[in-house]
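Working notes, beginning with the structure itself.
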Amino acid sequence: MQKKSMTIKRLCSSLLFLALLVLVWQAVYSLGTGPLGWWKPYALPSPLGVVRSLGKMAGNGTLLQASACSLRRVLIGFAISLVIGTALGLLVSSSGYFNRNLKPLLNGIQSLPSVCWVPFAILWFGLGEASILFVIVIGSTFSVSLAIENAIRTVPPIYVKAAQTMGAGKLSLYGRVIWPAALPGVLAGLKQSWSFAWRALMSGEVMSAYVGLGYTLMSGRDMADINQVTAVMLVIILVGVLVDKLVFSNLEKHALKKRGLSS
Amino acid sequence: MALEIKNISRTFEGSKKETLRDISLTIEKGEFVCIVGPSGCGKSTLLNLIAGLDTPTGGEICLDGRKISGPGADRVVMFQEHALFPWLNVLENVKFGMKMMKLSEKEQNSRAEHYLKLVKLWEFKNYRIHEISGGMRQRTALARALCLDGPVLLMDEPFSALDKQTTNKLRADLERIWEETGKTIVFVTHSVEEAVFLANRIVVLSDNPGCIKDVFQVDLPRPRHNDAVEFLEVRHKILTCVEREVEKFAKEEYDH
Ligand SMILES: Nc1ncnc2c1ncn2[C@@H]1O[C@H](COP(=O)(O)OP(=O)(O)O)[C@@H](O)[C@H]1O
Ligand SMILES: [Mg+2]
């Protein structure tokens with residue numbers, strides 16, 4: 001009971017904060033484009049304009065179509081990243097040689113913003129689906145492999161020892177001990193990989209898509225509709241956060257709870 | 001013939017001193033041997049070598065004439081920390097080793113039931129590891145080790161993290177199980193009292209480098225009582241031996 005009223009209180013104060021933020025935004029817009037004349041009206045989005053734009057795009061189906069298309073792309077790309085990244089991660093964590101030599105490389109490539117790969121993508125795959133997928137895959141694969149490597153490295157050695165003294169072979173060791181022991185760490189790491197994939201998708205879509213959230217964003221720019229640009233940005237944030245919360249946070253919470261690691 | 005430890009030494013990389021030097025010991029089948037010594041003298045190192053989790057820098061260890069070259073289910077280890085898997089429940093944990101041995105599901109279930117009942121945890125078979133107490137965890141680990149029915153059981157201070165009452169109970173359980181199954185048990189402890197309670201033979205290790213200081217045969221009748229005169233005499237004799245090794249260590253013992 002106490003706890004519930006606490007959360008409601010917190011929620012109210014968060015909403016109040018947001019409302020205040022919107023109010024400030026509206027004030028800056030009104031003053032800045034009006035009496036102060038700092039901006040041309042078309043150069044600054046207004047809360048009302050963004051809401052109108054959102055309503056319009058929701059009404060004519062653009063938003064749903066764009067979101068669905070983007071999500072589909074990122075899911076395919078992320079799935080490919082999971083496969084390649086897991087393989088790389090296992091390679092790097094099972095062999096000292098690759099751990100010493102390949103891991104620093106992975107770390108290096110990982111730090112490269114995915115937009116840097118766009119020229120390659122266009123050169124190799126042209127403008128289209130394949131090049132977007134390429135950017136997503138290359139933008140998140142290394143993060144996946146590092147997440148896997150990190151999670152495996154931090155598995156308590158005692159689990160492995162215990163399993164070995166019970167006669168576990170290499171395969172069982174990985175499948176039945178190291179993997180389940182690493183799972184919470186893997187999920188925590190994948191959250192970050194997901195955000196990399198989502199950002200990479202936008203880099204790809206902004207360059208070479210004809211449909212999708214990134215494309216809708218750019219078409220807003222082309223029509224000089226700053227409200228549409230802002231509206232799409234909000235949707236991009238929302239979708240990214242929703243997937244993070246609904247998918248990864250839930251999975252992680254479930255895994256932790258099963259192991260008695262959180263209440 | 002059972003477990004032969006022949007001139008074992010172990011020096012860890014990066015350290016100049018030997019952790020273990022020239023340890024030789026033959027442990028007969030069905031014996032209950034306790035290894036005592038001040039902390040840091042190399043007891044766990046020795047046990048890990050027997051387990052095959054570590055390789056000696058000199059000498060060799062043989063079980064029934066075969067040289068030990070890696071870990072195996074014929075020498076299950078029970079660690080100080082329970083080392084149970086938190087993603088499995090009590091029953092699944094106990095069945096883990098038997099799965100590795102590829103026993104039939106029926107055999108797994110019947111053995112798991114038998115040993116979980118033996119350690120009085122059958123009612124808790126569906127509990128998760130974080131839902132049971134420290135003593136219950138060690139009992140689960142014991143059941144898990146016993147299920148494999150190997151000839152040798154290696155135990156590294158398995159009860160040292162538990163309260164006195166639980167420890168006493170588990171010692172008595174272990175003694176009973178040892179008498180019933182006739183396993184060879186190598187039991188590491190820093191408590192001389194525990195060693196006198198359990199062992200046929202007590203090996204005292206000295207510190208720096210770890211080598212065998214003395215070996216005591218303990219022929220007290222079982223079950224042993226830690227307030228009997230004979231018990232206290234044996235305990236005193238061994239404590240004096242260990243005491244010379246490290247004074248602080250002995251003091252801790254008397255404080256109990
Ligand atoms: N993996 C290792 N690497 C380096 N030194 C170690 C390692 N394991 C143990 N040692 C050293 O060996 C000595 C004995 O350790 P240990 O066998 O754990 O002692 P005990 O179990 O008797 O308390 C300690 O001084 C410890 O620092
Ligand atoms: Mg130790």
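Here are the numbers for the structure shown:
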quantity: Surface accessible to a 1.4 Å probe, per residue, for the residues of the protein assembly as shown, Å²; calculated: 50 Å²
quantity: Within straight-line cross-link reach of B:Lys67, lysines at Cα separation under 19 Å, skipping those fewer than 8 residues along the same chain; calculated: B:Lys6, B:Lys29
quantity: Per-residue average of Cβ from other chains inside 10 Å of B:84-91; calculated: 5
quantity: 18 Å Cα-Cα reach of B:Lys102 towards aspartates and glutamates, excluding residues that sit fewer than 8 places from it in its own chain; calculated: B:Asp74, B:Glu92, B:Glu113, B:Asp149
quantity: Electrostatic dipole magnitude of region B:93-219 [Cβ: Lys, Arg +1; Asp, Glu -1; Cα centre; debye, to 20]; calculated: 600 debye
quantity: Listing of region A:169-210 residues, each with accessible area lower by at least 50 Å² in the full protein assembly than in the chain alone (probe 1.4 Å); calculated: A:Arg176
quantity: Total accessible area lost when A and B pair, probe 1.4 Å, Å² to nearest 100; calculated: 1800 Å²
quantity: Kirkwood Rh, angstrom, chain B [1 / mean 1/r, Cα pairs]; calculated: 18.9 Å
quantity: Separation between Cα centres of region A:147-209 and region B:1-54, rounded to whole Å; calculated: 36 Å
quantity: Among A:Ala68, A:Ala151, A:Ala163: highest mean-square fluctuation, GNM of chain A, C-alpha pairs under 10 Å; calculated: A:Ala163
quantity: Carbon + sulfur, % of accessible area of the protein assembly as shown - ligands and nucleic acids excluded, 1.4 Å; calculated: 61 percent
quantity: Average beta carbon contacts from partner chains per residue of B:127-139, 10 Å cutoff; calculated: 1
quantity: Cα gyration tensor category, rounded, prolate or oblate, for chain A with a/c compared to 1.5; calculated: oblate
quantity: GNM top mover of B:Cys211, B:Cys147, B:Cys62 - chain B, alpha-carbon springs below 10 Å; calculated: B:Cys62
quantity: Kirkwood Rh, Cα atoms: Rg over Rh of the protein assembly as shown; calculated: 1.15
quantity: Acute angle (nearest 10 degrees) that the helix B:134-147 long axis makes with the longest principal axis of chain B, alpha-carbon atoms; calculated: 80 degrees
quantity: Set of lysines with alpha-carbon distance to A:Lys9 below 29 Å, sequence-local pairs under 8 removed; calculated: A:Lys191, A:Lys245, A:Lys253, A:Lys257
quantity: Per-residue average of Cβ from other chains inside 10 Å of B:67-74; calculated: 3
quantity: Non-local Lys pairs in region B:118-229, i.e. 8 or more apart or on different chains, that have alpha carbons under 22 Å apart; calculated: 5
quantity: Packing-based order for A:77-85, B:174-182, using average beta carbon neighbours within 10 Å, highest first; calculated: A:77-85, B:174-182
quantity: For peptides A:8-17, A:225-234, sequence by mean Cβ density within 10 Å, most packed first; calculated: A:225-234, A:8-17
quantity: Inter-part distance where region B:177-211 and region B:98-171 are each reduced to a Cα centre, Å; calculated: 20 Å
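The values are calculated or read from the model by the stated rules, or taken from the named source; none is laboratory data. Computed from a predicted model, the values in this text were never measured in an experiment. Reconstructed Cβ throughout: ideal geometry from the backbone, glycine too, with neighbour counts over all protein chains shown. Quick note on the areas: whole protein, heavy atoms, side chains included, nothing else; ligands and nucleic acids left out. Shrake-Rupley method; radii C 1.70, N 1.55, O 1.52, S 1.80 Å.
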